[in-house]
Amino acid sequence: MSKQAQQVETLFCHETDRGYRVVAQQGGKRLFQAILELKETSAGPRPGRFLLKDGSSEKPRSPDEFIELARGANRIRISQQTSPEGRAELKEMLSGYQLDVTAVRTCRLCANKGEYSPISSETAINTGEEYICPDCATEELERELSFRGNLTGSAQDRLEDLLLEVQDLQRITNLLKGRLDPDLTKFDEISANVEDVELQQVDSLNLHPGVQNLLESRFDTLLPVQSLAVQNGLLDGDDQLVVSATATGKTLVGEMTGLDRVLNGQGKMLFLVPLVALANQKHEDFKDEYGDLANVTIRVGASRVRDDGNRFDPNADIIVGTYEGIDHALRTGRDLGDIGTVVIDEVHTLQEQERGHRLDGLISRLKYYCEERAKRKQNYGGAQWVYLSATVGNPRDLAQALEANLVEFEERPVALERHVTFASGQEKPNIENKLVKREFDRESSKGYRGQTIIFTNSRRRCHEISRKLEYNAAPYHAGLDYGRRKKVERMFAEQELSAVVTTAALAAGVDFPASQVIFDSLAMGIEWLTVQEFHQMLGRAGRPDYHDRGKVYVLVEPDGSYHNSMEMSEDEVAFKLLKGEMEDVRTLYDESAAIEETLANVTVGGKAAKRLNNRMIGDVPTKHAIGKLLEYEFIDGFSPTHLGRVITSHFLAPDEAFRIVDGIRKDKHPFDIVADLELFGEDE
């Protein structure tokens with residue numbers, strides 16, 4: 001013991017029900033611990049029993065060894081958690097040997113484990129009942145997390161960082177119970193930023209009088225992204241890729257040049273979007289804004305008649321369409337007339353697994369259509385192409401691949417707060433209700449109430465959440481009929497709805513001026529969102545003409561997923577999306593996609609199919625695809641067979657075509673064939 005006494009840097013005493021726990025430390029490490037019991041003598045309290053702890057056993061030592069130990073220690077400390085009587089007793093005993101002791105604030109949990117852990121106002125963590133050290137607080141948090149589901153590293157690191165920052169364990173664990181503490185849920189803020197762009201005067205544009213007068217009646221100068229487009233050759237007919245955040249005015253770039261070319265007799269405008277809901281809204285907007293200047297029609301599928309009873313007019317000046325609607329017209333040999341402008345909205349769709357190759361093929365086929373028409377008509381000079389997106393990770397590469405001038409504008413009109421909180425699937429609607437109510441009860445400096453878009457992963461969940469919101473709200477998804485969707489759009493625009501709850505239908509840009517976006521789920525269907533999809537959706541929050549700032553809330557279910565095929569959990573995905581870099585826009589081809597697009601190119605271009613394949617963004621294995629088309633008897637030479645025409649006009653992949661043909665040969669009922677197609681590839 002004498003050797004140990006010389007080594008002791010700190011001797012720490014902590015009151016227990018047996019007396020005092022004594023911990024000897026050197027260099028921050030425990031040398032040993034013991035139990036000290038005092039006895040009362042005529043000279044005052046003195047050491048009675050001294051028991052050296054060795055694992056689970058205790059070895060009696062001479063009480064004098066404690067005194068030797070205390071005299072050799074650099075300092076003696078006693079926990080402030082020790083009772084006043086205990087402190088007085090210990091001080092009286094030590095002063096009898098001319099030894100000083102200082103009471104310090106320590107972690108009780110460490111002391112109970114035989115550790116000396118002093119804490120200060122800078123390190124103490126409040127549990128609601130006492131203050132403990134950061135290590136013990138972290139252990140307590142981890143215990144709480146184990147009850148709520150296992151969080152992955154990023155989520156746990158986030159909570160532990162917050163714990164050390166706010167020094168309040170109760171506030172952190174409340175986050176796991178769905179409490180909304182803005183100071184803690186806030187992950188970051190994307191500041192509003194303004195780029196220095198020389199704004200273009202509208203009266204200097206020299207557009208067709210119809211367009212010129214319309215623009216001059218609205219504003220004196222173009223917005224920055226519109227000005228940049230003009231300065232980069234928009235009105236000279238140059239093709240452009242315009243990459244700019246939501247609500248910066250990029251849509252008018254396409255409309256401005258398209259309508260000008262229409263009125264100058266240079267061909268009609270095609271405005272193409274990925275979703276029917278978006279096409280419907282653009283069609284209504286264009287009719288309202290430009291109906292006095294041009295005829296507007298819509299093409300969203302194979303049918304000549306829309307579900308609202310309007311007939312598609314291929315001779316209209318402006319055709320608003322979905323990608324598939326226009327592609328179907330090309331695949332079936334429809335005459336679209338002279339096309340002066342093609343606007344491809346949401347061009348980042350090129351990277352989507354299911355639809356990317358179809359947009360890639362459509363662009364190639366539509367360019368071929370315009371080129372062939374220009375060869376036949378001397379007074380037709382072809383089309384100008386304008387590609388629009390808010391989210392492209394590789395804008396320069398994509399612009400080069402599309403042979404377009406890049407117009408990139410990185411300004412964000414309003415600041416955007418991003419928040420993260422944790423909740424189970426059952427708790428999320430209650431949190432969403434609180435957030436929606438809080439936002440709708442506020443009014444911006446522009447005089448608008450705060451409204452919310454809630455993104456979730458299924459149509460059923462849309463209805464479930466909207467029913468649980470106290471303020472007036474509505475589901476909005478592709479399963480609703482046209483009339484109901486239009487009613488929801490009108491009610492939201494007139495501020496009669498506090499929120500809409502949607503799947504992917506709004507992510508691509510349906511124009512709802514929401515101040516807040518809530519992610520009820522980070523999946524669409526059974527697939528996790530990509531960084532690009534996430535940014536596209538959160539970009540709906542905050543509009544410069546309506547709101548002072550935007551808010552995004554990501555509700556995370558610890559250890560949650562939506563299908564057993566999902567490799568990551570929702571908390572892991574959340575921080576990957578919040579911290580992730582935007583993905584590059586690239587179109588990837590597997591064998592099925594290559595065969596489908598090559599068949600469509602053969603149908604549209606015949607022997608030119610190889611050229612159409614070569615000009616596409618993705619790398620298409622043309623030789624292999626043509627070989628498979630011949631093997632499957634989808635083509636005969638460079639002409640589609642009757643079966644090939646049916647397959648391509650219905651956008652069928654080869655395996656889908658084979659299952660249908662097999663079902664017909666086996667005389668299956670059509671419903672059974674459809675069921676086979678729907679269940680194909682699903683787990684048992």
Item to check | Angle in degrees between helix 134-148 and the longest Cα principal axis of the chain, rounded to the nearest 10 | outcome: 50 degrees
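What do you get for GluC sites (Glu not before Pro) in the range 468-546 restricted to DSSP loop and a cutoff of at most 10 other Cβ within 10 Å of the site's Cβ?
Hits after loop and neighbour filter: Glu494.
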Checklist entry - Using modelled amide H (1.01 Å from N, peptide plane; none on Pro or chain starts), what sits under 5 Å from the amide H of Ile78, excluding residues fewer than 5 places away? => result Cys13, Thr102, Ala103, Val104
Item to check | Lone cysteines, the chain (no partner Cβ under 4.7 Å) | outcome: Cys13, Cys136, Cys370, Cys462
Checklist outcome for this item: Of Arg459, Arg540, Arg71, ordered by accessible area with the largest first and a 1.4 Å probe, the sequence is Arg71, Arg459, Arg540
Next on the checklist: I'd like the Karplus ³J(HN,Hα) series for the range 380-387: coefficients 6.51, -1.76, 1.60, θ = phi - 60°, whole numbers in Hz, and an x wherever there's a Gly or Pro.
Outcome noted: 10, x, x, 10, 9, 10, 10, 10
Item to check | Separation between Cα centres of the range 608-634 and the range 332-350, rounded to whole Å | outcome: 21 Å
Next on the checklist: If I compute Cα extents along the principal axes in Å from the structure I just sent, which labelled value in (i) 123, 79, 64; (ii) 121, 65, 44; (iii) 117, 53, 40 lines up?
Outcome noted: (ii)
Checklist entry - Between Phe271 and residues 5 or more places away or on another chain, which pairs have amide H atoms under 5 Å apart, with H built 1.01 Å from N, and which residues are they? => result Ile319, Val320, Gly321, Val343
Item to check | Expected-Rg normalisation [2.2 N^0.38 Å, Cα atoms] applied to the range 557-645 | outcome: 1.60
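Please sort by residue number the trypsin sites (Lys or Arg not before Pro) in the range 340-399 whose DSSP state is loop and whose Cβ has at most 13 other Cβ atoms within 10 Å. Mind showing how you got there, number by number?
On the way: sites: Arg355, Arg358, Arg365, Lys367, Arg373, Lys375, Arg376, Lys377, Arg396; in loops: Arg355, Lys377.
Within the range 340-399, the qualifying trypsin sites (Lys or Arg not before Pro) (loop, at most 13 other Cβ atoms within 10 Å) are Lys377.
I'd like the per residue volume of the convex hull spanned by the Cα atoms of the range 619-684, given in cubic angstrom. Before the final figure, lay out each step's value.
Values: hull volume 8.1 nm³, N = 66.
Spelled out: Cα convex hull of the range 619-684, divided by residues, is 122 Å³.
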Checklist entry - How about Lys468: which aspartates and glutamates have a C-alpha closer than 18 Å to its C-alpha, ignoring those fewer than 8 places off in the same chain? => result Glu427, Glu432, Glu439, Asp441, Glu496, Asp520
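When DSSP beta bridges are limited to those with both residues in the chain, what percentage is antiparallel, rounded to the nearest 5? Intermediate results must be reported in sequence, preceding the final value.
On the way: 42 of 102 bridges.
Here the antiparallel bridges make up roughly 40 percent for the chain.
For His669, His419, give the ranking by accessible area with the largest first, probe 1.4 Å.
Values: His669 100, His419 5 Å².
The ordering from most to least exposed comes out as His669, His419.
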Next on the checklist: Whole-Hz ³J(HN,Hα) for each residue in the range 411-420, computed from phi via Karplus 6.51 cos²θ - 1.76 cosθ + 1.60 with θ = phi - 60°, x for glycine and proline: what do you get?
Outcome noted: 5, 10, x, 10, 5, 10, 8, 10, 10, 10
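Name the GluC sites (Glu not before Pro) in the range 550-590 that are in a loop by DSSP and that have at most 15 other C-beta atoms within 10 Å, would you? All intermediate terms of the calculation are to be shown ahead of the outcome.
Details: sites: Glu567, Glu570, Glu572, Glu581, Glu583; in loops: Glu567, Glu581, Glu583.
Passing both the DSSP loop test and the Cβ count: Glu567, Glu581.
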Checklist outcome for this item: Residues whose built amide H sits under 5 Å from the amide H of Asp636, excluding neighbours closer than 5 in sequence, are Thr641
Next on the checklist: Please report the antiparallel percentage of DSSP beta bridges with both residues in the range 447-527, rounded to the nearest 5.
Outcome noted: 10 percent
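Compute the signed sum of charges (Lys and Arg +1, Asp and Glu -1) over the other residues within less than 9 Å, Cβ to Cβ, of Ala404.
On the way: positive: none; negative: Asp238, Asp239, Glu403.
Counting the neighbours of Ala404, the net charge comes to -3.
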Checklist entry - To the nearest 10 degrees, how steeply does helix 670-679 sit against the main Cα axis of the chain, on a 0 to 90 scale? => result 40 degrees
Checklist outcome for this item: Straight-line reach check, Lys186, cutoff 19 Å on alpha carbons, 8 or more apart in-chain or any other chain, hits among lysines -> Lys177, Lys428, Lys434, Lys437, Lys551, Lys576, Lys579
Checklist outcome for this item: Exposed-loop cut sites defined as chymotrypsin sites (Phe, Trp or Tyr not before Pro) in DSSP loop states with at most 12 other Cβ within 10 angstrom; longest site-free run of the chain spans 220-679
Checklist outcome for this item: Rounded to the nearest 10, the angle in degrees between the Cα long axis of helix 482-493 and the longest principal axis of the Cα atoms of the chain comes to 60 degrees
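The values are calculated or read from the model by the stated rules, or taken from the named source; none is laboratory data. This structure is a prediction, so every number in the text was calculated from the model and none was measured. Every residue, glycine among them, receives a Cβ derived from its backbone with ideal geometry; neighbour counts consider all protein chains shown. Protein only, heavy atoms only, side chains kept; ligands, DNA and RNA dropped before computing areas. Shrake-Rupley method; radii C 1.70, N 1.55, O 1.52, S 1.80 Å.
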